[in-house]
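Okay, structure first, notes after.
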């Protein structure tokens with residue numbers, strides 16, 4: 001696996017090693033020892049989640065606060081998404097900045113989003129199956145979110161707002177300035 005640091009400390013794009021032959025391919029999608037060496041920290045995943053969405057579905061920007069904060073290792077099994085992580089660590093020099101990466105079933109890239117980040121994704125293909133590992137269990141009382149169109153974040157979602165499909169819950173999320181504090 002190739003671990004590529006991003007412009008925000010702690011976030012990594014991970015490129016797997018594909019072994020190709022006439023039958024298709026094989027890849028190791030996760031190895032705890034390789035992963036921990038690659039990201040330079042101990043992360044123990046405890047929960048796997050999967051979603052299926054149509055083109056234009058935007059999920060996010062979500063995070064968990066306090067002791068329920070979550071690191072995520074995300075990937076796309078089929079289709080293509082724009083995946084976004086926003087730094088919400090209050091003392092970080094990159095607070096309020098974001099990293100985005102296109103993940104697809106074709107490129108097999110993964111994205112590591114450490115604790116202290118809001119996370120979201122937009123489906124760019126007709127459909128997409130999204131898979132992610134979390135290092136902490138979900139806790140409803142610790143849930144936080146930031147509106148996808150916060151002007152201070154300036155995220156280019158690559159689709160016009162009128163083409164987005166967003167849940168009622170995500171439509172009323174606050175701006176970063178008014179969001180629940182992560183810590």
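Bear in mind that the values in this text are calculations on the coordinates, not laboratory data. This structure is a prediction, so every number in the text was calculated from the model and none was measured. Please note: Cβ atoms are built from the backbone with ideal geometry, for glycine as well, and neighbour counts cover all protein chains shown.
Taking a ≥ b ≥ c as the square roots of the eigenvalues of the Cα gyration tensor of the stretch 109-183, is the shape rounded (a/c under 1.5), prolate (a/b larger than b/c) or oblate? Taking the square roots of the gyration eigenvalues as a ≥ b ≥ c, the stretch 109-183 is oblate. Ordered by the number of other Cβ atoms lying within 10 Å of each residue's own Cβ, fewest first, 132, 25 fall into the sequence 25, 132. When the Gaussian network model of the chain links Cα atoms closer than 10 Å, the mean-square fluctuations of 143, 42, 15 top out at 42.
When both bridge partners sit in the stretch 44-171, DSSP labels roughly 95% of those beta bridges antiparallel.
For the stretch 13-131, what does the alpha-carbon gyration tensor say about shape, rounded, prolate or oblate, given a ≥ b ≥ c as the root eigenvalues, a/c under 1.5 as rounded, and a/b over b/c as prolate?
oblate
Highest mobility in the GNM of the chain, judged by mean-square fluctuation with C-alpha springs under 10 Å and restricted to 40, 24, 145, is found for 24.
The stretch 104-183 and the stretch 50-97 have Cα centres spaced 4 Å apart.
Only helices enter the 222 nm calculation for the chain: every DSSP H run of n ≥ 4 contributes -39,500 (n - 2.57), and dividing by all residues gives -1500 deg cm²/dmol, rounded to 500.
Full extension from residue 138 to residue 95: what is 0.36 nm times the residue separation minus their Cα-Cα distance, to one decimal in nm?
Gain on stretching residue 138 to residue 95: 13.1 nm.
Under a GNM of the chain (C-alpha, springs under 10 Å), which listed residue has the highest mean-square fluctuation: 61, 73, 153? Comparing 61, 73, 153 in a Gaussian network model of the chain, the most mobile one is 153.
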